[in-house]
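Encoded as structure tokens, the structure appears first; notes follow it.
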Amino acid sequence: MPKITVESKNNQYGIIYGRIDDYNWYALVQKEKVSYGINPVTLEKGDGKVSRLFVYKKFSSKIPNNFIKSVVADYRHKWNWLEKDKKELITRLVNYLELRYSLKVLKSKAK
């Protein structure tokens, strides 16, 4: 089971930064599900809160090509890149983000 941590967040815009296992990530999470969001079940475009997701591994090298090779997932209203062998990791992250924001909405309505 991957370990997911949130390192910083900006609730005004829905941007969240964090880590999942050895990867860094940032996501833009909408308050409501949107047609251009990631579906948390299928990872296809549609009916999700995560409208942007970028997952990558930091390298200490200054060589630009290393950065390109480190990208695991890049979603900006559609998939630009998704490593096939990391789909389970991405699914867990998307579901975590969906659940995290759903709980915040329920919590704030209960007050």
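Here the simple spin-label model places points 7 Å from the Cα toward Cβ, and for N95 and V34 these points are separated by 2.4 nm. With a simple spin-label model that places each label point 7 Å from the Cα along the Cα-to-Cβ direction, the separation between K57 and D22 comes to 0.5 nm.
Just so you know, all these numbers are worked out from the coordinates, no wet-lab data involved. Computed from a prediction, not measured in an experiment: that's the story for all the values here. Backbone-built Cβ (ideal geometry, glycine too); neighbour counts: all protein chains shown.
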